[in-house]
Amino acid sequence: MVRLISGRDLKQRIDTDQDLKLVFVLGEWQYQAMRIPGSLNLPCTPSLYSSPDVLKELNRDDEIVVYCSSQSCFASISVYHFLVQRGYQNVSRYAGGL
C-alpha cells in the first residue's frame, strides 16, 4: 500500500514552509523542463538501484514526497517502494503529479 498526499495538503505544507523533501522521479531533461520549485531530482533509472550515492540528499527521518508526471505514472510508485524498503519511514506519493 502506498501512502498518498493530496494536492491540497501538499500545497499547504509547501506554503507553510514545513520541512519537506520533494522528490521528482523522472529524468534530468524532464526535471529541467518542469518541476515543483525546490524539488530534488532522483530519477527512476537503473543507477537508482545500484549506486549508494543516489540517496545522499535524503535522511531516513526526512518527510519525503515523491511525484512524477501524472496519476498513472509508475515511476513515483517504484521510487516510493524503493525508499520504504530501505528504511525511509516518512514517505508519501503525490499522485497528481505535474
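Quick rundown of the values:
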quantity	calculated
Test set (1) open to solvent by 50 Å² or more (accessible area, probe 1.4 Å); (2) part of a helix (DSSP H, G or I); (3) not polar (S, T, N, Q) - VAL79 fails condition number	(1)
Breaking point among (1) in contact with a Ser or Thr (Cβ under 8 Å, 6 or more places away or on another chain); (2) open to solvent by 40 Å² or more (accessible area, probe 1.4 Å), for TYR67	(2)
Search result, residues across segment 29-54 that are over 22 Å from ASN90 (Cβ atoms) and in a loop (DSSP other than H, G, I, E, B)	MET34, THR45, SER51
Of all residues in segment 29-53 being open to solvent by less than 60 Å² (accessible area, probe 1.4 Å) and either of a type in the set (Phe, Trp, Tyr) or touching a Ser or Thr at 6+ places or on another chain (Cβ under 6 Å) (or both), the one that is modelled with the highest pLDDT	TYR31
From the options LEU58, LEU10, LEU26, residue that is in contact with a Lys or Arg (Cβ under 7 Å, 6 or more places away or on another chain), surrounded by 11 or more Cβ atoms within 10 Å (Cβ to Cβ) and either modelled with pLDDT of 90 or more or not in a helix (DSSP H, G or I) (or both)	LEU58
Flag for GLN85 being modelled with pLDDT of 90 or more and open to solvent by 40 Å² or more (accessible area, probe 1.4 Å)	yes
Positions within segment 13-23 being open to solvent by 40 Å² or more (accessible area, probe 1.4 Å) and within 16 Å of the chain's Cα centre (by Cα), in sequence order	ARG13, ILE14, GLN18, ASP19, LYS21
Breaking point among (1) touching a strand residue (DSSP E or B) at 6+ places or on another chain (Cβ under 7 Å); (2) more than 19 Å from ALA95 (Cβ to Cβ), for PHE24	(2)
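Residue by residue, here is whether (1) touching a residue at least 40 places away in the same chain (Cβ under 8 Å); (2) in contact with a His (Cβ under 8 Å, 6 or more places away or on another chain); (3) under 15 Å from LEU83 (Cβ atoms); (4) not polar (S, T, N, Q) holds:
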{"site": "GLY7", "(1), (2), (3), (4)": "yes, no, no, yes"}
{"site": "LYS11", "(1), (2), (3), (4)": "no, no, no, yes"}
{"site": "LEU22", "(1), (2), (3), (4)": "yes, no, yes, yes"}
{"site": "VAL25", "(1), (2), (3), (4)": "yes, no, yes, yes"}
{"site": "ARG35", "(1), (2), (3), (4)": "yes, no, no, yes"}
{"site": "LEU40", "(1), (2), (3), (4)": "no, no, yes, yes"}
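The values are calculated or read from the model by the stated rules, or taken from the named source; none is laboratory data. Given the structure is predicted, the values throughout are model-derived calculations rather than measurements. Positions of Cβ are backbone-derived with ideal geometry, glycine not excepted, and every protein chain shown enters the neighbour counts. SASA here: full protein model, heavy atoms, side chains in, ligands and nucleic acids out. Shrake-Rupley method; radii C 1.70, N 1.55, O 1.52, S 1.80 Å.
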